[in-house]
Every structure is written in structure tokens, then in C-alpha cells.
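**Q** The structure is given below, and queries will be raised subsequently.
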Amino acid sequence: MPNIKPLSDLRNYTAVVNEVSYGNRVYLTRNGHGTCAIVDMQELDDLDKQKALNQLLLKLQEAENSVVSEGTISADNLEKELGVS
């Protein structure tokens, strides 16, 4: 169950932070609407790594689709096209 607290609970910052652990975020609200979340640093690092992996996989899928639809060129032709031959 989500741990949801009003921003006013941050007056006792230590008590709120002590409730944060990996997989147990604290969501803060202002006037009943979600404002921000406090997340464990290791969980945040893992989320960032997962996001980067997802972006890489998306780019690889785009590249694979390009190869299938447009084909490839030889290394010699690439060098000529880039003017490095």
C-alpha cells in the first residue's frame, strides 16, 4: 500500500525519511494532490539504470528495423561516402 503523506509532515523530516526504504517510497501531497516522492537512493540508481537500458533497447530495435527496411552498405562504400578512403 502506498505511503502517502501531506507535505506538512516534513516538519518532522527525520520521521518521514526513516519510513523510506528500497521499494517503500513516501509520496508527498499538497492540498490532496501528489507533489513529489522520496525514494531510496539505491532504488533511484536502479531506476536510472533501467531507464537507460530501455532507451538502449529502443535504439537497437530502431537500428534493427532500419537494417531490415533499408538494408546495409559495405565498409568500402561507407568510407567513400564519408570521404575517408
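The values are calculated or read from the model by the stated rules, or taken from the named source; none is laboratory data. In this text the structure is predicted, and so the values were computed from the model without any measurement. Backbone-built Cβ (ideal geometry, glycine too); neighbour counts: all protein chains shown. What goes into the accessible areas is simple: the full protein's heavy atoms, side chains included, and nothing from ligands, DNA or RNA. Shrake-Rupley method; radii C 1.70, N 1.55, O 1.52, S 1.80 Å.
**Q** For the chain, what is one quarter of the convex hull surface built on the Cα atoms, given in nm²?
**A** 10.4 nm²
**Q** Run the dipole for the chain about the Cα centre, Lys and Arg Cβ at +1, Asp and Glu Cβ at -1, nothing else charged, and hand back the magnitude in debye, nearest 20.
**A** Roughly 640 debye, rounded to the nearest 20.
**Q** Show me the chymotrypsin sites (Phe, Trp or Tyr not before Pro) within the chain that DSSP assigns to loop and that have at most 14 other Cβ atoms within 10 Å of their Cβ.
**A** For chymotrypsin sites (Phe, Trp or Tyr not before Pro) across the chain that sit outside H, G, I, E and B with at most 14 neighbouring Cβ atoms in 10 Å, the list reads Tyr22.
**Q** Between Ser69 and Thr35, what is the spin-label point distance in nm, taking each point 7 Å from the Cα along the Cα→C-beta axis?
**A** Between Ser69 and Thr35, the label points sit 4.5 nm apart.
**Q** How far is helix 41-70 tilted, in degrees, relative to the longest principal axis of the Cα atoms in the chain, given as a value from 0 to 90 rounded to the nearest 10?
**A** 30 degrees
**Q** Just tell me which lysines come within less than 22 Å, Cα to Cα, of Lys51; anything on the same chain fewer than 8 places away is out.
**A** Lys59
**Q** Dipole of the stretch 7-70 (Lys/Arg Cβ +1, Asp/Glu Cβ -1, origin at the Cα centre): which of Thr14, Gln42, Ala52 lies farthest to the positive side?
**A** Of the listed residues, the answer is Thr14.
**Q** So for the chain, taking the charge dipole from beta-carbon charges (+1 Lys/Arg, -1 Asp/Glu), which of Ser66, Leu78, Gly23 sits furthest toward the positive end?
**A** Going by the Cα projections, it comes out as Gly23.
**Q** Then there's this: With the full set of protein chains in place, find how many percent of the accessible area of the chain is carbon and sulfur; take the probe as 1.4 Å.
**A** 54 percent
**Q** Could you provide, to the nearest whole Å², the per residue accessible area of the chain with probe 1.4 Å?
**A** It amounts to 82 Å² per residue over the chain.
**Q** So, in nm, how far is label Lys5 from label Glu62 when the simple model puts each one 7 Å beyond its Cα toward the Cβ?
**A** Going from the Lys5 label point to the Glu62 one covers 4.0 nm.
**Q** Would you mind telling me which residue in Gly34, Gly23, Gly71 has the biggest mean-square fluctuation in a Gaussian network model of the chain, where springs connect alpha carbons within a distance under 10 angstrom?
**A** Looking only at Gly34, Gly23, Gly71, the largest GNM fluctuation is found for Gly71.
**Q** If I take R0 = 41 Å and measure r between the Cβ atoms of Asn12 and Gln50 in this structure, what FRET efficiency does the formula 1/(1 + (r/R0)^6) give, to the nearest 0.05?
**A** It comes out at approximately 0.80.
**Q** While we're looking at this one, here's another question. Nearest 5 is fine: what % of DSSP beta bridges in the chain come out antiparallel, could you say?
**A** Bridges in the chain that DSSP calls antiparallel: roughly 60 percent.
**Q** If you keep only loop residues by DSSP, which GluC sites (Glu not before Pro) in the chain have at most 14 other Cβ atoms within 10 Å of their Cβ?
**A** Passing both the DSSP loop test and the Cβ count: Glu19.
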